[in-house]
1. Give A:SER5, A:SER11, A:SER57 a once-over and let me know the one that is closer than 30 Å to B:ASN223 by Cα, assigned to a helix (DSSP H, G or I), modelled with pLDDT under 75 and more than 8 Å from every other protein chain (Cβ to nearest Cβ).
2. Please find, among A:MET166, A:MET251, the residue that is crowded, with 21+ Cβ neighbours inside 10 Å, in a helix (DSSP H, G or I) and at pLDDT 85 or above.
3. Tell me whether region A:45-67 contains one or more residues that are farther than 30 Å from B:ILE128 by Cβ and either small (Gly, Ala, Ser) or surrounded by fewer than 18 Cβ atoms within 10 Å (Cβ to Cβ) (or both).
4. Taking B:ASP212 and the conditions (1) among the acidic types (Asp, Glu); (2) outside the structural domain of B:SER65 (by TED's automatic domain parsing); (3) surrounded by fewer than 16 Cβ atoms within 10 Å (Cβ to Cβ), which numbered condition does it fall short on, given that it satisfies the others?
5. If I ask for residues that are small (Gly, Ala, Ser) and more than 10 Å from every other protein chain (Cβ to nearest Cβ), which ones from region B:191-224 would you list?
6. Taking the condition among the basic types (Lys, Arg) and assigned to a helix (DSSP H, G or I), does B:LYS36 pass?
7. A:ILE194 - would you say it is under 18 Å from A:SER414 (Cβ atoms) and within 13 Å of the chain's Cα centre (by Cα)?
8. Can you tell me which condition A:ASN24 does not meet? The list is (1) assigned to a loop (DSSP other than H, G, I, E, B); (2) facing chain B (nearest Cβ under 7 Å); (3) modelled with pLDDT of 70 or more, and all the others hold.
Amino acid sequence: MTSQSALNHNSLQSILAEVKDVSNEDIRDEIVSNIYDKSKSLCKKVISEKQSELYRSDKLDDIFTSRIWGFPIMLVMLGTIFYITIAGANVPSEMIASLFGYLETQLTSLFEALHAPEWLHGILVLGLFRGTGWVISVMLPPMAIFFPIFALLENYGYLPRVAFNMDRLFKRAGGHGKQSLTMAMGFGCNAAAILSTRIIESPRERMLAILTNNFVPCNGRWPTLILLASLFMVTGFTGATGTLLTAAILMGFVMLGIVVTLTVSWTLSKTALKGVPTHYTLELPPFRRPKFWNTIIRASIDKAWNVLKRAVIVAAPASILTWVFANIYIGTTSILMHFVNFLEPFGHALGMDGFIMAAFILGLPANEIVIPILIMAYLSQGAMLEIEDLSRLKQVFIDQGWTWLTALNMMLFSLLHFPCGTTLVNIYKETKSAKWTFMSFLIPTVIAIGVTWLIATVVRAFGLV
Amino acid sequence: MRANTIALAGNPNTGKSTLFNTLTGLKQHTGNWPGKTVIHAEGSFEYNGEQYVLVDLPGTYSLFSNSTDEEVARDYIIFDQPDATIVVLDATSLERNLNLALQVLEMTNNVIICINLIDEAEKKGIRIDEKKLSRELGIPVVKISARNKKGIDQLLATLSDLVNGKIMTTPYRMTYSQEIEDAITKIESKLKVYFQDTYPSRWLALRLLDGDEELILKLQHHNNNRQLEVKTHDVPISVKS
């Protein structure tokens, strides 16, 4: 390698100095766009084709990636997806929930008829069955609606346009346009999205994408956000208006996630991950009509299967464990309550409570089980009540002293907090670095604590709750 | 007799490797580029009693040295200065592929454009006027289908004419805004004093303006070694970096 000291010729140095003098930062953009324009004009001259398909794509791209319309269209699309998801998921969610409620009563009478011991009924029915039932009824319907729509957009060729639009923002933040694609994957599952960062060739930008992926709410966190938004944020509105507002709130949270992603990317690329953003080619494949039903069925079955699998593998053991913790007493207090009491001051400072903190910590293996653990912990305390009706849940929360601040901060904490265990394992596998894996845990956690603490402090100072 | 070295450039998935295999058959050996984890494939063939060495450059979308692949491809064209560079383009997405061709034309004079997958394009109703393209760019353009071995003879004949000086090229050079052009002129004249005509000074000026300072160190290093070799042997020889 030649070192800087080799450059001792005055002439070369004066050339470099002169270069610095006359160059500007946007020169690459200008060079590239000149080359693209030339290619385009050459093609107009030498190609004659029945270019209906390509031509149509170009026309559409003028709209979808336009500087003016690109972002509004993206927002409207995202909002529409949320609206359809929430509106469509309500009914099947209630149906599945009441089905599980009915089955639970039947199971309970069966256990009574068999004179089964109380603890067995507790573990199996109140722990395992209720926990998994909850995960399935709350998560399955929205995921079975959200992902097919997403898959359709992907197969139509819209997602690469999203990357193209977002590229401008990411470039400013020192990242890579493809980071927005890995973020889109994150809507499904952050752990899978970590693997998808392989599409980013340069190591620096890839690390940024890995470290910030968690700020996109995943499969496991959507239900928490949807549930709390519809229970606490849109009170007083019902029907379509309520759904619309819930969708708007979710949009707000996604936006916040994006803002945090960009801010963290920018900060990192100014500090720990310094470097010049690399240039790259984003391909925009032609828009094409996908096999509509094929896409929908494949995506919904895939997701449904994944949710069920995770419900059984992760949620079931965690549900049992939580029930056991909640029902084994040391002195007059259960293990769970010892833990909760220990976390209470911390939770209170963040505008939440010890139960919520405990649920987030016990939920490390999978975000799906945070809400089930929380409910189980609340219910184990006093009045046993079956959750047949989702709206009765709100009463449970309010009885525990919840306010809109609790709900808001829990949503924020859910959006911003540490990635789940599977994601952390994947980050370690991909980066082979304990340091960066720890950073990917630390950065979100610090941000989550900081943001919720700040909000709680400000809200309380102004006496808003 | 010295073999002609020919570089094969192109976007990924343009059938570049198919062409490479068609031309060289089994006479190839692969390894890594020195110090890089990028596959280096080199093969040889004979045409009209002349020897050719064909170097398959990594498939890239541009030559701005964003990635190791692009750096390897760029360095080969600049430092090893092959006798000719064949740029393989995909006829079905010519516009995107031409971006790379235009960049190669900024770097070297001896370029042949080889439009591959021509039968696939015709099936899709895309017709390309290669004569017009050749006039526009000032270099030979050949249409082929490497998979069906169509147009290979014409490609080889053109290649032979080019390396033997029977075809004179007048490559199209990109022009930029007045501001950039002024800057290029300023830097280029200084570079010429230093490197004479060893390297394409206009291209070099543009790369420096684009902020590629590493390149000038590489060039200086390469140039010093070259002068050293020239002095020791007192005859110009082919230079490997």
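The values are calculated or read from the model by the stated rules, or taken from the named source; none is laboratory data. Please read all numbers here as calculations on a predicted model, not as lab measurements. FYI the Cβ positions are ideal-geometry reconstructions off the backbone, even for glycines, and counts take in every protein chain you see.
1. Only one candidate passes the filter, namely A:SER5.
2. After applying the criteria, what remains is A:MET166.
3. The answer is yes, given that some residue of region A:45-67 is farther than 30 Å from B:ILE128 by Cβ and either small (Gly, Ala, Ser) or surrounded by fewer than 18 Cβ atoms within 10 Å (Cβ to Cβ) (or both).
4. Failed condition: (3).
5. The one that is small (Gly, Ala, Ser) and more than 10 Å from every other protein chain (Cβ to nearest Cβ): B:SER201.
6. No.
7. It is false that A:ILE194 is under 18 Å from A:SER414 (Cβ atoms) and within 13 Å of the chain's Cα centre (by Cα).
8. Failing condition for A:ASN24: (2).
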